1. Ala237: closer than 26 Å to Asp264 by Cα and not basic (Lys, Arg), yes or no?
2. Please specify each residue of the range 274-300 satisfying the condition of being within 18 Å of Asp213 (Cβ to Cβ), free of Cβ contacts under 8 Å to residues at least 40 places away in the same chain and open to solvent by 80 Å² or more (accessible area, probe 1.4 Å).
3. Please state which of the following conditions Glu38 fails to meet, knowing it meets all the rest: (1) in a loop (DSSP other than H, G, I, E, B); (2) open to solvent by 30 Å² or more (accessible area, probe 1.4 Å).
4. Select from the range 62-100 the residues that are at pLDDT below 90 and in contact with a Phe, Trp or Tyr (Cβ under 6 Å, 6 or more places away or on another chain) and list them in ascending order.
5. Across the range 138-158, which residue is farthest from the chain's Cα centre (by Cα) among those that are of a type in the set (Val, Ile, Thr) and surrounded by fewer than 17 Cβ atoms within 10 Å (Cβ to Cβ)?
6. With Phe190, Phe170 as the choices, which residue is more than 19 Å from the chain's Cα centre (by Cα), touching a residue at least 60 places away in the same chain (Cβ under 8 Å) and more than 18 Å from Pro269 (Cβ to Cβ)?
7. Can you tell which of Arg113, Arg131, Arg144, Arg148 is within 18 Å of Asn259 (Cα to Cα) and among the basic types (Lys, Arg)?
8. When you check Thr196 against the structure, is it closer than 30 Å to Lys275 by Cβ and in contact with a helix residue (DSSP H, G or I) (Cβ under 8 Å, 6 or more places away or on another chain), yes or no?
Amino acid sequence: MKNMVLAMCLAWSGLEDSQAQSSRESLGVERFNAYIHEMETGETSSGTVLFSSQVATAYETLLKTESDRWQTLVDETEDGLRLLFRASQVAVFYTGNAAYLDLMERALTELERRHLASPGLHAQMYEAYVRTRRLDDARALATRAGLRDVSPIPPITHASTLDMDRPAWFRPEANGEGLLLDNPTIDPEFQVIVTTGAYCNPSHRALREIHRDKVLAALLGRHALWVMPADSAIHGAVLRQLTADYPEFRFGIAYGKRNWPMVDNWATPIFHVFKDGRLVDQVVGWPEGGRAEALRKVLSRPGAASDF
């Protein structure tokens, strides 16, 4: 798995094809999409930084290999444009890198020029904008394309002290239905960051069971941040409900992966335990029966939570 990207890069860079020009030109995108499918069915978790970096490397190689051809897209076939849109969408999905939106936008614009853009493509573009936090572009597209079945973006206020070079998250406004984008307080000596899925059953199971455990609830109330990953929707209603149901815990939605460089796996739920700013342990998942004992063991280790 570790050498697959390199092997694919070499395969692209040395590609010789004697077929027709249109077939040759689409081969790079087809190989990229096939490679991603192979990764998705492999052993590396798609939530990890390793997985997203492999996707980024493969996509950057694709761009480098095909850059001359993609200066203009007017000569691309419809199938070629859709393949290109899909490849860029996948790269955005796994990396959250807004730079990869360029070819998605250009492919969609050309499909629109030919009257071939469906509402589904517009919805996928909208979700890519939300995932990369291009929220004004998402709102504008929803209005222009008349999108009605996409998750709406709640009103967002920026804290006056917001520093985008630090971990940033959306949390519920004290009053109203909007969200506040600000920086959570992170304890440099001891901190637990729990990656939490908005609709992840194991995440909600963990919350219910920890809420009923007075010792763990008190400890994680003091030391944990429950963070939803940056997603194709901003789950403001879920965030508000969790905050109401579990007032002892601190919840938020990550602005983006790059703002949380200490988190190496965004699968949910994972309890990431940091000591002196360094990841020292993880408790992964919450099956039926829970992982309360495993969590207690990690938190009670020497040098971990001093107030356990």
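1. no
2. Answer for the range 274-300, where residues must be within 18 Å of Asp213 (Cβ to Cβ), free of Cβ contacts under 8 Å to residues at least 40 places away in the same chain and open to solvent by 80 Å² or more (accessible area, probe 1.4 Å): Glu293, Lys297.
3. Checking Glu38 against (1) in a loop (DSSP other than H, G, I, E, B); (2) open to solvent by 30 Å² or more (accessible area, probe 1.4 Å), the one that fails is (1).
4. Leu62, Thr65
5. Thr143
6. Of the residues listed, the single one that is more than 19 Å from the chain's Cα centre (by Cα), touching a residue at least 60 places away in the same chain (Cβ under 8 Å) and more than 18 Å from Pro269 (Cβ to Cβ) is Phe190.
7. Result of the check over Arg113, Arg131, Arg144, Arg148: Arg131.
8. yes
The values are calculated or read from the model by the stated rules, or taken from the named source; none is laboratory data. Note that this is a predicted model, so its numbers are computed, not measured. Cβ: placed from backbone, ideal geometry, glycine included. Neighbour counts: every protein chain shown. These area figures cover heavy atoms from the full protein model, side chains too; ligands, DNA and RNA do not enter into them. Shrake-Rupley method; radii C 1.70, N 1.55, O 1.52, S 1.80 Å.
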